[in-house]
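Derivation of every value follows stated rules applied to the coordinates shown; laboratory data play no part. Predicted model only: the values in this text are computed from it and were never measured. Every residue, glycine as well, gets a Cβ built from its backbone with ideal geometry; the counts of neighbours run over all protein chains shown.
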Amino acid sequence: FYTGPRIGGLLNATLGNAAELIITLVAINAGLLDLVKASITGSIVGNLLLVMGLSMVVGGIKNGTQIFDRRHASNNAILLILAILALVIPSFFSGSIGDEHSIGVEALSLGVAVVMMVLYILGIVFSLKATRSPISHETTVEPHHKPAMSVQQSILLLAAATLGVVLLSEMLVGEVEHVTQNLGLSEFFLGIILIPIIGNVAEHLVAVQVAHRNQMELSVEIAVSSSLQIALFVAPLLVFLSLAMGNPLTLIFNPFELIALGAGVIISAFVSLDGESNWLEGAALIAIYLMLGLSFFLLPA
C-alpha cells in the first residue's frame, strides 16, 4: 500500500539505521565507545550534508528547482536544533567538572536520553497527525505498479538481511585495529566517515534515486528522518543498552564532533526552510561535508 512521503521516509530511515544500530552494538560490546560516538556524529552529519547534498545535485540537474513541504521542513529543523542542544549539554557539563566518567555525567546522559526519546515519539505523533490533516499541502501520488514481493517474502528477506548485517558487523568491528594500522586511518575517521557511509549505503541510494525522479519531498524526508532518528532515538537507546551490556556510553562528544553537528544542522536548516532546492545548494552542502571530512582525516589519532 502507498504510505506517502513522510511515513515512507520514516520507514526508509528506520530500516537503514537498523544496520548501523547493529554495528554500534557490536562496537559497544567490543569496548569501542569512541568509535560509536564518532559513528553517531557521522550518521547525522552525513545525512544532512552528503545525502541531502547529493540528492539536491542529482535532482536539480535532472529536474531544475524542486519543491517540498516548507512547514514540515521548519518543524524538522526545530527538532534537529533541539537534538543537537541535547547532545551539547552533557559535553559542556563534563567539561565544566573535568570528569567524563563521574556519576553526575552518567546520570545526566541517562536523563537527557529519556527526554530525547520522548521528544522523538512526540515528533512522530505530530508528523502522522499532520499527514492526515486537511491543511497539509502534501500531494499524494498513487503508485502505478504492483509490489514486487508479498509481505511474507519481504519479512523473510528482511530477517535474512538482518542476520547478514550481524555477521558482517562482527567482521567489520573485528578488523578496526588492522584497518587503522594498515591504511594509516584513525579510529575517529573510520567511525565518523566510513562506517556511517557503509552502514547506510542502501538508504543513501534510495534518497538520491527518488530525488532524480522528482520526489524531493520523500528524498528530504529520508535524509532528515534518519538524522532525527539517530540523534533522538538511536543515540539514547545506545546509552541504555550500553549500560545493560556493562560498557556505559555517555553522550560526551569532542569539540570537532560538536562543530560538525552544529554546522550540519544549521546549514541544512537554512537550505531547506524555503521549501525549494537546486543543484547549487546541494553542491554547497557537499562542499561543507568534504571540508569537514578533510579535517577529520588530517586530525591526529
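Quick look at the values:
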quantity	calculated
For the range 14-62, the fraction of alpha-carbon pairs in successive 10 Å shells from zero, as %	24, 40, 24, 10, 2
Cβ-derived FRET efficiency at R0 22 Å, MET245 paired with LEU15, nearest 0.05	0.40
Cβ-defined net charge surrounding LEU183, 14 Å radius [Lys, Arg +1; Asp, Glu -1]	-3
Rough spin-label spacing in nm, given labels placed 7 Å along Cα→Cβ, for LEU298 and ALA202	3.7 nm
In sequence order, calculated HN-Hα J values of the range 66-74 (Karplus, 6.51, -1.76, 1.60; Hz; x Gly/Pro)	10, 10, 8, 5, 5, 5, 5, 4, 5
Potential extension, GLN209-ASN29 segment - 0.36 nm per residue separation minus Cα distance	61.3 nm
Long-range amide H partners of SER102 with built H, under 5 Å	none
Where Rh is the Kirkwood radius over Cα pairs, Rg/Rh for the range 159-263	1.00
Backbone HN-Hα couplings from phi across the range 188-198 [Karplus 6.51/-1.76/1.60, Hz, Gly and Pro as x]	5, 5, 4, x, 8, 10, 6, 5, x, 5, 5
Selection of GluC sites (Glu not before Pro), the range 187-264, meeting DSSP coil and at most 16 other Cβ within 10 Å	none
